[in-house]
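Below is one structure, written out as structure tokens; the observations come after it.
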Amino acid sequence: MAAPGAVRTMILRRVRPAAWRHARWVRPVRVLACVVAVLCVTALVGAATLRATVLERGYYQAALDDERAYDRLYDEVLVDPGSRPVTRSLLSRLPVPEPVVTANLKTVLPPATVRQLTDEQIAALVGYFRGDSDALGVSVNLRPVLANVGELAHVYLGELASGERAGHRIPPEAEVSAALARVDKALDSVAAGRKPEGLPKVELSDRDAGKVTSVLLSRVPAKERAPLRPQVEGALEAGDTGTALAAVGPYLPGGKADGGAAKSRRELLRMADGGRWNVVRDLKGSGVDTAALDSARDATRLMQGLVQTLAVAVGLLALVFLWISGPPGRRTRRLRTTGWILAAGGALPAVAFWVVRWRAGALLWQPPASWPASLSGLVEDLERNALTALTAAGLSAAAVPFAIGALLVVASFVRERHRAVRTALRALTRRTRTRLVGCSAAAVATAVVLGVVLAPAAAGQPERTYCNGSARLCHLRYDQAAYLTTHNSMSSTADRFISPLQDGDITTQLDDGARALLVDTHTWERSDQVAERLKVSDLAPGMRRKVADVIDRTGPARPGLWLCHATCRAGALPLVGTLREIRTWMDQHPSEVVTLVVQNGISGEQTASAFRKAGLKHLLYTPDRDPGTPWPTLGEMVDDNKRLVVFSEGSGGPAPWYRGFYRYGMETPYDFRDPRSMSCAPNRGGTGKRLFLLNHFITDAGGSRLDAGEVNSKDLVLDRARRCGIQRGHPVNFVAVDFANLGDARGAVAAINAARAR
């Protein structure tokens, strides 16, 4: 029998651990621990939300993409009359008239360049918020823009000075470059009304002198033009450009007569210093308060550093204290307490995010009243989109601890009240029950940490891969997407083809959204071969006679491989040189998938050799031998950098990537006389193929601008594409049009892709 002292010691050992739980200080400390634990869960939800949104490049890219920011910039903001004072100031230094630049905006500032510049700024901003850099160094590389402006200036001044349309000689490019350099150096003198030194003497005809005079005087107030006209025109007729510029200099933007624009001219010069524009420096210099960005950066660093670490450490300590201070032998009640804490920690930020979403209108930054309505609308839409994405990510993060907590609470009630469960648990050994509870606690902790970290990332927007201008298209297979296709792409006004079917050259067509090109390859024909080719061409009879007359007066055949329409003497582009231009464009646009369908007037071996010489071999995609095999997604083609698909209208080969189109695709007829006769009847390729070419142009009497303006309308393209897709049982892929710059076939293709990518 044990001694009384030993028994007393054993009793004390059992009583003391439970006794302190009933101490007076335990209850308030447990309440405080519950509050602290709830706040820690809330802090983790907030940190995870920031990590998935504000600190993620894809968050900003998604807002821009969803609001079509780049398209709206060109289609709404830059054409808004309210934007003219801004564009006028920015263009004050350029040696090209404002209308010339604004009419060529996509040449001077291509959409791909805008996206690249924007992505650079997003990366800099995110790096600053993450703490990767100590200073906000947002700067814009203006070199591509200035290079494009320089090219435009070369073309404009070259034609203006030489009188090309009047039949005068075009000066060599070096002469124009030197002239531009001297013009730029002399502009300070011009702005001050002094005659600049070193300007070239330009010989102009009387007609051209009058034209240039009108351009220079267009910026002079109307009432002051008459006295200046004789002086300016006389100076230009004598070739004295310095005197002419000095006369109108004070009235030009940046001159003494326009003090407000002088500041913007100096700003443009400083912005372009070294080819980079330091945005932050100029914002601060213009009085814009950037303290909000600094405060945001301090807040994000605090949340991602100290707050997140303390939330994890303190929260775990609070949960441990609540666990060990709970009623002895009542582990179910302890789990229920943990569940209520997690549920409350998730509910609190969820309510906050709902309030933010509800009060979104009052939280948005309001642009100044002086801004154009189109720009203000774009900024407000971007803010609203970003705020919606932020609250969605926050609600997703808050849902994880709330759901886990609710599950624990329900499970505890079930355990307490369900007899079978209690009986089964009692049948377990003490060690097994302890292990079960320990595993449950570990699983809960792991689920909370991983859920809070991963859930907002899923709701947020990761950095996006773009395919043909849209992140959503990356998930479409090649045979599911739609492509704006230019018919007889090489036959353009820009390249001076007789009876052209496009206006812009091939690079311009690609810039304007074309992603499939229908081209014809030829060798230069002899005079006796022309008549036979003209018989099978789609040129109008009258045009055939004109071409034949021209050919009778032309020289001998030219060697090499060419892109021609019907006959090379009616217009020709060197095949290899044009393919190199396509390669350059694709290298500059690494997320674009392009298709060529070749009406082959040369052999497959010659075609393969031309692509090899053009340096396109690494981009060529090889279709599966089985035409029925599903195609890869556009995203897979972009990731593999196999983004150029080349088909032959004939049998193709011998190169494996050069397949016959009509093994894989089908088409509609193409010899329509008027828009009302356009049908969906089967033509080459029959039916049941994976690729569908919609010939959407009028060819009965050659290309027609009037017909193109009608048939390229968005509604007509959408209606015919939908109708033909239903009749054929397969959606349209290639929408082939003449004069793609007329109408809105591009908008129709974008609408088709948007519907398919949902």
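The values are calculated or read from the model by the stated rules, or taken from the named source; none is laboratory data. This structure is a prediction, so every number in the text was calculated from the model and none was measured. When we count neighbours, we look across all protein chains shown, and the Cβ atoms used for this are built from the backbone with ideal geometry, even at glycine. For accessibility, only protein heavy atoms count, side chains too; no ligands or nucleic acids. Shrake-Rupley method; radii C 1.70, N 1.55, O 1.52, S 1.80 Å.
For the pair Arg722 and Ala427, the difference between a 0.36 nm per residue extended length and the Cα-Cα distance amounts to 99.5 nm.
Think of the stretch 612-758 as having a plus end and a minus end, set by charges on the Cβ of Lys, Arg, Asp and Glu; of Gly729, Gly660, Ala750, Gly660 sits farthest toward the positive end of this dipole. At 1.4 Å probe size, with the rest of the protein present, what percent of the exposed accessible area of the stretch 578-737 is carbon and sulfur atoms? Here carbon and sulfur together make up 47 percent of the probe-accessible area. The string of couplings for the stretch 354-367 from the Karplus curve (6.51, -1.76, 1.60, θ = phi - 60°) is 5, 5, 4, 5, 5, 9, 4, x, 6, 8, 6, 6, 8, x Hz, one whole number per residue in order, with x for Gly and Pro.
The label point for Ser609 and the one for Asp671, both projected 7 Å from the Cα toward the Cβ, are 3.4 nm apart.
The order of Arg24, Arg746 by accessible area, most exposed first and with a 1.4 Å probe, is Arg24, Arg746. Taking all protein chains together, His618, His589 sort by accessible area into His618, His589, largest first [probe 1.4 Å]. Taken along the Cα-to-beta-carbon direction at a fixed 7 Å, the label points for Glu710 and Arg625 span 4.9 nm.
For the stretch 336-411, applying the loop criterion from DSSP together with a ceiling of 13 other beta carbons within 10 Å to the chymotrypsin sites (Phe, Trp or Tyr not before Pro) yields Trp365.
Amide H to amide H, with H built 1.01 Å from N, Tyr658 comes under 5 Å of Gly653, counting only residues 5 or more places away or on other chains. A simple rule links phi to the HN-Hα coupling: the Karplus curve 6.51 cos²θ - 1.76 cosθ + 1.60 with θ = phi - 60°, which for the stretch 643-650 gives 10, 10, 9, 10, 10, 10, 6, x Hz, with x for Gly and Pro.
The string of couplings for the stretch 54-65 from the Karplus curve (6.51, -1.76, 1.60, θ = phi - 60°) is 4, 9, 10, 4, x, 4, 6, 4, 5, 4, 5, 5 Hz, one whole number per residue in order, with x for Gly and Pro. For Leu596, the residues whose modelled amide H falls within less than 5 Å of its own, excluding neighbours fewer than 5 places apart on the same chain, are Leu517, Val645, Val646, Phe647.
Across the stretch 566-639, Cα pairs under 8 Å and at least six residues apart give a relative contact order of 46 percent. Heavy atoms of the protein chains alone define the surface here; on that basis the stretch 578-705 has 42 Å² accessible area per residue at 1.4 Å probe size.
Cα-Cα over 31 Å: which of Lys613/Lys714; Lys642/Lys689; Lys689/Lys714? Correct reply: Lys613/Lys714. Near Asn488, the amide H atoms lying under 5 Å from its own belong to Leu518; only residues 5 or more places off or on other chains count, and H is placed 1.01 Å from N.
For trypsin sites (Lys or Arg not before Pro), the sites in the stretch 600-709 that DSSP calls loop and that have at most 15 other Cβ atoms within 10 Å are Arg625, Arg673, Arg684.
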